[in-house]
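Undergrad: Pasting a structure here, questions to come.
The values are calculated or read from the model by the stated rules, or taken from the named source; none is laboratory data. Because the structure is predicted, anything quoted here is derived from the model rather than measured. When we count neighbours, we look across all protein chains shown, and the Cβ atoms used for this are built from the backbone with ideal geometry, even at glycine.
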């Protein structure tokens, strides 16, 4: 059994107001507030990627955007999956240096599925999930227990206690990424009852690229400013990231 223990600073709830602070996502949304913290799992109530290994490290987003969802901008295979009346859209830019270097990752939706879970409580439901990677880079099926690709399929979501720790089980919804590439990207879909969440995930695998981005985001107070900083400071190593950010910006802001 893999234990998941995520240690947060005691003043995290206060730090939610400090947009762009180090150790927290650079966060943008329609109302300017961060998602709520899951009290049991000590994660924001959003989907994550994780590495099912000792400690179950999660890909903590360095940049998190909550945007209005325009179905016409989603991959074609996703557009007919839902009416989108109650859907959430998050764009996450993740430094994979915080993960283990195993090439197999998991899509972890436990905090989103169980937003009111309390420490010591368990849950067990089936949700519909999938990854959509057409016209994206670096993401492919794992060797077993794969998440569905370019479609959705049922997956178990089981948070539960183990001693003093909380666990995210089982070892499913798996996929492989390409850490040798500076940037990977893909879309995720999860439906639980009438709730739907879509994420556009950008994985930054190059440590220098991730650090440069973190520095630039820290001095940016909105996405347009962030884009301007990247353009002003662009060097050859950052070109792939700029392209991903530009694509992300166009997908989630075009009307």
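Undergrad: Please work out which one of (1) more than 19 Å from residue 53 (Cβ to Cβ); (2) surrounded by 14 or more Cβ atoms within 10 Å (Cβ to Cβ); (3) modelled with pLDDT of 95 or more is the condition residue 156 fails and give its number.
TA: Result: residue 156 passes all but (2).
Undergrad: Among (1) part of a helix (DSSP H, G or I); (2) modelled with pLDDT of 75 or more, where does residue 244 come up short?
TA: (2)
Undergrad: Kindly indicate whether any position in region 112-121 is within 22 Å of residue 177 (Cα to Cα) and either without any contact (Cβ under 8 Å) to a residue 12 or more places away in the chain or out of contact with any strand residue (DSSP E or B) (no Cβ under 8 Å at 6 or more places or on another chain) (or both). So that I can check it myself, show each step before the final result.
TA: If we filter region 112-121 for residues that are within 22 Å of residue 177 (Cα to Cα), which is where we start, we get none.
Checking region 112-121: not a single residue is within 22 Å of residue 177 (Cα to Cα) and either without any contact (Cβ under 8 Å) to a residue 12 or more places away in the chain or out of contact with any strand residue (DSSP E or B) (no Cβ under 8 Å at 6 or more places or on another chain) (or both).
Undergrad: Just give me the residues in region 200-226 being assigned to a helix (DSSP H, G or I) and at pLDDT 75 or above, in sequence order. Let's see the steps before the verdict.
TA: Taking region 200-226 as the starting set, the residues that turn out to be assigned to a helix (DSSP H, G or I) are 207-218, 223-226.
Of everything in region 200-226, those that are assigned to a helix (DSSP H, G or I) and at pLDDT 75 or above turn out to be 207, 208, 209, 210, 211, 212, 213.
Undergrad: In region 60-77, what residues are crowded, with 21+ Cβ neighbours inside 10 Å and modelled with pLDDT of 85 or more?
TA: Answer for region 60-77, where residues must be crowded, with 21+ Cβ neighbours inside 10 Å and modelled with pLDDT of 85 or more: 61, 74.
Undergrad: Kindly provide the set of residues from region 173-199 that are touching a strand residue (DSSP E or B) at 6+ places or on another chain (Cβ under 8 Å), outside any strand (DSSP E or B) and surrounded by fewer than 19 Cβ atoms within 10 Å (Cβ to Cβ), ordered by number.
TA: Residues satisfying the conditions are 178, 181.
Undergrad: Consider residue 146 carefully, then state whether it is touching a strand residue (DSSP E or B) at 6+ places or on another chain (Cβ under 9 Å), crowded, with 19+ Cβ neighbours inside 10 Å and under 14 Å from residue 177 (Cβ atoms). Show your work before the answer.
TA: Numbers: touching a strand residue (DSSP E or B) at 6+ places or on another chain (Cβ under 9 Å): yes; crowded, with 19+ Cβ neighbours inside 10 Å: no; under 14 Å from residue 177 (Cβ atoms): yes.
In short, no.
Undergrad: Same structure again: Against the definition (under 18 Å from the mean Cα position of the chain (by Cα), farther than 30 Å from residue 164 by Cα and modelled with pLDDT of 85 or more), how does residue 93 come out, yes or no? Spell out the reasoning first.
TA: Working: under 18 Å from the mean Cα position of the chain (by Cα): yes; farther than 30 Å from residue 164 by Cα: yes; modelled with pLDDT of 85 or more: yes.
Criteria met by residue 93.
Undergrad: Output the residue which, of all residues in region 102-125 that are out of contact with any helix residue (DSSP H, G or I) (no Cβ under 9 Å at 6 or more places or on another chain) and assigned to a strand (DSSP E or B), is surrounded by the most Cβ atoms within 10 Å (Cβ to Cβ).
TA: Here the answer is 108.
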